[in-house]
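Before any comments, here is the structure.
The values are calculated or read from the model by the stated rules, or taken from the named source; none is laboratory data. Just so you know, these numbers come straight off a predicted model, no measurement behind them. Neighbour counts are summed over all protein chains in view; Cβ atoms, including those assigned to glycine, are modelled from backbone coordinates with ideal geometry.
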Amino acid sequence: MNTSVPTSLYAQRRARMAAQLGANGIALIPTAPERQRNRDADFLFRHDSYFYYLTGFTEPNAWLVVSGDGTSTLFCQPKDLEREIWDGYRLGPDAAVGALAVQAAFPIGELDARMPRLLENRDTVWFPFATHAGLEERIAGWLGQVRGRVRYGALCPEQQRDLCSVLDEMRLFKDDHELDTMRRAAAISAQAHVRTMKACARMLREGKDVREYHLDAELLHDFRLGGSQYPAYTSIVAAGANACVLHYRADVAPVKSGELVLIDAGCELDGYASDITRTFPANGKFTGPQRALYDIVLASQEAAVAATKPGARFTDPHDAAVKVLSQGMLDVGLLDAKKVGTLDDVIEKRAYFAYYMHRTGHWLGMDVHDCGSYVEPGEVGAVSERKDPLSGELIKNRPSRILRPGMVLTIEPGIYVRPGEGVPEQFHNIGIRIEDDAVVTPQGCELMTRGVPVKADEIEALMRA
Ligand code: GLY
Ligand code: MN
Ligand code: MN
């Protein structure tokens, strides 16, 4: 259980959700399943984010049921001395009522027996669609049992609705407790990046054989030292050319002096993710070509940060970054103006895509790619069409989300140069991304992850120290 957040906060979230279910609606939210890794060994359990958002409860084998009248029922693991000797403490239904401020709690073994009665005489069943394998079938089984009782006067729910639509919108706007946790997660991750940069330069100075996994170990050390439970996603530690593989993992490749290292790693703290990328010279000193591209990426990130403010669209930071990146690619000769034309042409024809092939950000929260619609809810019907210049595909656009205070997103432009015909050799195999986590404030945005330097000179100074 997350004890740093008052129980009443989860009760308030459940009440806000319940108010959107309709008086006769009912919502079912299971936590995540335990998953076997291989014989007798499970993957480390990670609760379901929706379930956690509404309960703060981190045990496996639990379900939450919330009625439209605001009543919450929890199903959880029963107290069991033998299982607790092997697997650890269980809260148990009796203690859960007070500890989680729910109105009733039952052993999970009673779920199938009790659920048809809970569903009876409701008009709408809400549950998260397409998130839990087998959930739809399970609910259908319970509804079948309710239907079996209609001749005794029971009513069977006639509607099933996606609970994600309600919860995603709530989760998109972070409250003060969430922001506090996210700032702490960000600070731990920033410190881990600092440690890792310094360790890399030091080990190379000492003449050691530095591998990507050595740097991964440095990150993990500080994540755990800071109190984080685990990384929020699989860390990317990419030496040299590996940085051009967008979903590379930390592997065994040697980290060589003269090359760059791209690290995309963030910890999860009390259920909330952080997501930082830094790219730095392994030996602490950028070469000329590395620095030239680095400064372009940094300038593009600065433009994107300036565009991250209330009232702007989610796509504005991306558009701002693309403009600076594209101009930079023309300036340094990655793009040849004789072939691709002016800056406007580069943007219009997406010529920059050869070196910048991902978006500039995503929502961040409990999930690293957090939930929340990227379309402005009031403008869903305003569809426009355009032909993609690269694929020729007809793409339907809806107006992008308007940024508002409390939303959290990443800002992560990059440049990735694979060798190819006409690609200036001095830039071959350079991959650079800079990623920070921003919360939209009334004035603009606050970068939560700047505990790790981002300017080239500051990175060099840090790595000399
Ligand atoms: N680390 C995942 C991402 O940057 O989107
Ligand atoms: Mn990211
Ligand atoms: Mn990332």
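Observations on the structure shown:
- Restricted to segment 416-439, and to residues there that are away from ligand 2 (no atom under 16 Å from the Cβ) and among the hydrophobic types (A, V, I, L, M, F, W, C), the residue that is farthest from the chain's Cα centre (by Cα) is Val423.
- Within the set Gly431, Gly414, Gly420, the sole residue that is of a type outside the set (Ser, Thr, Tyr) and more than 16 Å from ligand 1 (Cβ to nearest atom) turns out to be Gly420.
- Listed conditions (1) assigned to a loop (DSSP other than H, G, I, E, B); (2) closer than 29 Å to Arg184 by Cα; (3) at pLDDT 95 or above are all met by Met1, apart from (3).
- Residues located in segment 247-291, provided they are assigned to a loop (DSSP other than H, G, I, E, B), closer than 23 Å to Glu458 by Cα and hydroxyl-bearing (Ser, Thr, Tyr): Ser257, Ser274, Thr287
- Of all residues assigned to segment 367-379, at least one qualifies as being without any contact (Cβ under 8 Å) to a residue 24 or more places away in the chain, of a type outside the set (S, T, N, Q) and more than 16 Å from ligand 2 (Cβ to nearest atom).
- Of all residues in segment 118-126, none are without any contact (Cβ under 8 Å) to a residue 60 or more places away in the chain and aromatic (Phe, Trp, Tyr).
- Restricting segment 347-377 to residues that are among the basic types (Lys, Arg) and away from ligand 3 (no atom under 16 Å from the Cβ), the residue that is farthest from the chain's Cα centre (by Cα): Lys349
- Checking Gly271, Gly240, Gly266 one by one, the residue that is surrounded by fewer than 24 Cβ atoms within 10 Å (Cβ to Cβ) and within 20 Å of the chain's Cα centre (by Cα) is Gly271 and no other.
- Qualifying positions in segment 16-48 - within 21 Å of Leu179 (Cβ to Cβ) and surrounded by fewer than 22 Cβ atoms within 10 Å (Cβ to Cβ): Arg16, His47
- His362 vs. criteria surrounded by fewer than 17 Cβ atoms within 10 Å (Cβ to Cβ), within 16 Å of ligand 1 (Cβ to nearest atom) and within 26 Å of Ala239 (Cα to Cα): no
- Test for Pro405: is it over 27 Å from Ala190 (Cβ atoms) and at pLDDT 95 or above: no
- Candidate set: segment 435-465, residues that are more than 19 Å from Val255 (Cβ to Cβ) and within 16 Å of ligand 1 (Cβ to nearest atom); chosen: the one surrounded by the most Cβ atoms within 10 Å (Cβ to Cβ): Asp437
- Candidates are the residues of segment 186-232 that are within 16 Å of ligand 1 (Cβ to nearest atom) and outside any helix (DSSP H, G or I); the one that is surrounded by the most Cβ atoms within 10 Å (Cβ to Cβ) is Ala232.
- Given (1) over 29 Å from Ala243 (Cα atoms); (2) not small (Gly, Ala, Ser); (3) not in a loop (DSSP other than H, G, I, E, B), number of the condition Val346 does not satisfy: (1)
- Subset of segment 250-276 [at pLDDT 95 or above, over 13 Å from Val368 (Cα atoms) and within 16 Å of ligand 1 (Cβ to nearest atom)]: Val261, Leu262, Ile263
- Members of segment 4-56 that are outside any strand (DSSP E or B), within 24 Å of the chain's Cα centre (by Cα) and of a type in the set (D, E, K, R): Arg13, Arg14, Arg16, Glu34, Arg35, Arg46, Asp48
- Restricting attention to segment 233-246, the residues being in a strand (DSSP E or B) and either within 10 Å of ligand 1 (Cβ to nearest atom) or out of contact with any Pro (no Cβ under 9 Å at 6 or more places or on another chain) (or both) number 3.
- Considering Arg161, Arg171, the condition of being at pLDDT 95 or above, closer than 30 Å to Thr449 by Cα, under 25 Å from the mean Cα position of the chain (by Cα) and among the charged types (D, E, K, R) is satisfied by Arg171 alone.
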